[in-house]
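Notes follow once the structure below has been shown.
The values are calculated or read from the model by the stated rules, or taken from the named source; none is laboratory data. None of these values were measured; they are calculated from a predicted model. Don't worry about glycine lacking a Cβ; one is built from the backbone with ideal geometry, like all the others, and counts go over all protein chains shown. Keep in mind that these areas ignore ligands, DNA and RNA; they rest on the heavy atoms of the full protein, side chains included. Shrake-Rupley method; radii C 1.70, N 1.55, O 1.52, S 1.80 Å.
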Amino acid sequence: MGTFGRLQRHNAWWNRVGTPALAAALLVTPGLAPAWAQDSTPATPTATGDALNIPADVQLMARADPNKRRATARVNGTIITGTDVDHRVALIVAANQTTEISPEEEQRLRLQVLRNLIDETLQIQEAELQEIPVTPEEVDQTYNQLATERFGRTIEGMTTYLTSIGSSPASLKRQIQGELAWERLLRRNVEPFVNVSQEEVGETFERIQASKGTDEYRIGEIFLEANSTNRAEKAQQAQQIMEQLRGGGSFIAYARQYSQASTAAVGGDLGWIQLAQLQNPQLEQAARELTPGQLVGPVEIPGGFSILYLIDKRQVGMADPRDAVVSLKQIAIDFAAGTSQEEAQRRAAAFAEGVAAIKGCGEADAAAVRLGAEVVTNDEMVVRSLPEALQGALLALNVGESTPPFGSLEEGVRVLMLCGRDDPEVASGPSRDQLMRQMEDERVNRRAQRYLRDLRRDAVVEYN
């Protein structure tokens, strides 16, 4: 091992690329009750007052097999093929760094992907109808930029990679086209009609200033809409997502794929908030008990189910020691294949004793040679980017001191020696302009959801 890269792990492919083209909001269509259920007696409205005139005693004229899903569709005349679904599923599986998924999970994923492709098609069609289409040249430019700048691949290499995972450049380009189309639609038809007054910004700014020193949370959320008709189905889906996340699934990828909140486009990230902003006592209590990196859920709330992930926590207006930038030397030894546990323990003890005798970073390189160790230097490491177990140990060190040894028989043993630290400045909080943009974005997202619901409602969708 012997490199700082082994101290840090990326969550998933989606998180690594981090570009608008792959951050597309994979919005989800809520499950709908069968529209063909009928009864011979006059029906009475439901207790919810939704005026759908659904009888209390529903008798289905046919029973659908929930394990059989139609994989293709025609959306206002545009065909979505089984190959389209296959290629997009492959992208999502790669995003979760998963080589195998269960048949049940694959079936759910394929159904979800079909819904996403329908939404994507509606967005592209609407942009063309509004005479603001996305040209092939614009899609190619974004695709090429993604390949070279984010993946570090040539165009040919990107094609090879996508083919190797069972996808295709056409699938990714379609996703890029859908996002660019949606961005233009929102820019023309939604953003100009969203207004946030200076008074609203001022009130929010004053509340933030008054809350200095209180806890602030950065939370990720996956929200599934539910009603009385599909509550059991959504509860089961939320539980299955929770199990996948606990098994190592990428929260960002699952939020983008399944969440029906406006934050799906950014992997469910709510940003830095105070718990009162969750506007639900159950969610507030659940989030308050979390430590960074923990999950909770599904929590049933009005309108559906939520899964929360605590990304980080800090105090408003206070400097966070974990934002310190440190200069480190990693001193490491590896164990040859076949080394016994006893021999590894003996070498680790001798290594720890030798490191303890090093008098400052100036002696580290020469001492490492004597110990048969490797030294790697990093002068710009942010403390919070390290594993949580190392953060506290590192913050307790004086310059020239080392963390306790850590590692394993397979990965070797290493220490981090602190050679310098630049403490963070006190956080001033968002400016009024930043607050204005944040509040505008929230309102745009809400209207965007309504816009997409209108497109779905008016669409002619034929399943094959």
For the condition at pLDDT below 85 and either open to solvent by less than 10 Å² (accessible area, probe 1.4 Å) or not polar (S, T, N, Q) (or both), what is the one hit in 218, 184, 207, 231? 207
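Considering each residue of segment 411-464, count those that are without any contact (Cβ under 8 Å) to a residue 40 or more places away in the chain and either in a loop (DSSP other than H, G, I, E, B) or closer than 30 Å to residue 362 by Cβ (or both), and give that number.
So the count comes out to 1.
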Output the number of residues of segment 274-296 satisfying the condition of being at pLDDT 85 or above, open to solvent by less than 50 Å² (accessible area, probe 1.4 Å) and in a helix (DSSP H, G or I). 4
For segment 188-228 the number of residues that are within 15 Å of residue 431 (Cβ to Cβ) and part of a strand (DSSP E or B) is 0
Restricting attention to segment 241-261, which residues are at negative phi and either free of Cβ contacts under 8 Å to residues at least 12 places away in the same chain or touching a His at 6+ places or on another chain (Cβ under 8 Å) (or both)? 243, 247
Selection within segment 237-253 - under 18 Å from residue 270 (Cα atoms) and either of a type in the set (Val, Ile, Thr) or touching a Gly at 6+ places or on another chain (Cβ under 8 Å) (or both): 251, 252, 253
Single match in 235, 264, 276 (criterion: without any contact (Cβ under 8 Å) to a residue 24 or more places away in the chain and small (Gly, Ala, Ser)): 276
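Residues of segment 95-130 being open to solvent by less than 70 Å² (accessible area, probe 1.4 Å) and either in a loop (DSSP other than H, G, I, E, B) or at pLDDT below 80 (or both), which ones?
95, 96, 98, 101, 102, 105, 130
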Residue check, residue 366 open to solvent by 50 Å² or more (accessible area, probe 1.4 Å), assigned to a helix (DSSP H, G or I) and within 16 Å of residue 356 (Cβ to Cβ): yes
Scan of segment 217-232 for residues that are aliphatic (A, V, I, L, M) and touching a residue at least 40 places away in the same chain (Cβ under 8 Å), ordered by number: 219, 222, 224, 226
Of residues in segment 131-157 being part of a loop (DSSP other than H, G, I, E, B) and aliphatic (A, V, I, L, M), the one farthest from residue 120 (Cα to Cα): 132
Just checking, which of 190, 266, 196 is at pLDDT below 90 and either charged (D, E, K, R) or within 29 Å of residue 307 (Cβ to Cβ) (or both)? 266
Taking segment 402-438 and the residues there that are among the charged types (D, E, K, R) and modelled with pLDDT under 80, the one that is least open to solvent (accessible area, probe 1.4 Å) would be 423
